């Protein structure tokens, strides 16, 4: 049992390394990872920053938690796109001929995307510091904030892995993920306080897991303005716990589904 787990993790690490090496061989992927966070930060700070009032606080500090959440969630789509591309190009067939764990491909794919998201967080952090964002709760709390963001993105990547093994092409998953993730990240507290939303949207936003991970990041970074109104719903009163509940649910449901789907793809080949 333990030997099987060790081999599965070792094979997954090899696949993850292959996916990370691809960054150097396909530089446009690295450009997207590095430029996109900078673009989002500068766009929202300088275009919308003066139009949105945050009582008792700075919109730049309010914004960064939402930008972090949105960017790592979109970064998780690399998993689905990468698997769809490998299926389309027949690379999965090469993996089938190797003596490796059946789940190593999806484990390695989701693990490698943690690297992409870590790069994005580093670039966003530096950009945020340049435009006036600050961390007020200390080093360990900041590490916890980044860890919660990466954990949530990792859980989303398992959903993307399952979809990537279902769809026929990279274009389909890119369009499908955009249509789902874009409204999820905007009908939330990412860019405006939920109190400003119409009642139906406000209720959805309050229980949206994207709002929870955003709120968790703001609390751990110390970006909640002094005197800001307390959340009235449990999900935003306990954002770290609520986020971790979603992380466990997503992985518990979609990790087995992804591995099972991959095994079915092998059988049909």
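Here are some notes:
- For the condition modelled with pLDDT under 80, surrounded by 15 or more Cβ atoms within 10 Å (Cβ to Cβ) and closer than 22 Å to residue 143 by Cβ, residue 72 does not qualify.
- Listed by first and then second residue, the pairs with beta-carbon distance under 9 Å, at least 6 apart or on different chains, first residue in segment 158-174 and within 21 Å of residue 16 (Cα to Cα), second modelled with pLDDT under 80 and in a loop (DSSP other than H, G, I, E, B), are 173/167.
- Just one residue in the set 190, 232 is surrounded by fewer than 18 Cβ atoms within 10 Å (Cβ to Cβ) and outside any helix (DSSP H, G or I); that residue is 232.
- Residue count for segment 110-165, restricted to those that are part of a loop (DSSP other than H, G, I, E, B) and touching a helix residue (DSSP H, G or I) at 6+ places or on another chain (Cβ under 9 Å): 7.
- Filtered by the rule that a residue be touching a helix residue (DSSP H, G or I) at 6+ places or on another chain (Cβ under 7 Å) and not in a helix (DSSP H, G or I), segment 166-187 gives 167, 169, 187.
The values are calculated or read from the model by the stated rules, or taken from the named source; none is laboratory data. Keep in mind that this is a model prediction, so the values were computed, not measured. Glycine also receives a Cβ, built like all others from the backbone with ideal geometry; neighbour counts cover every protein chain displayed.
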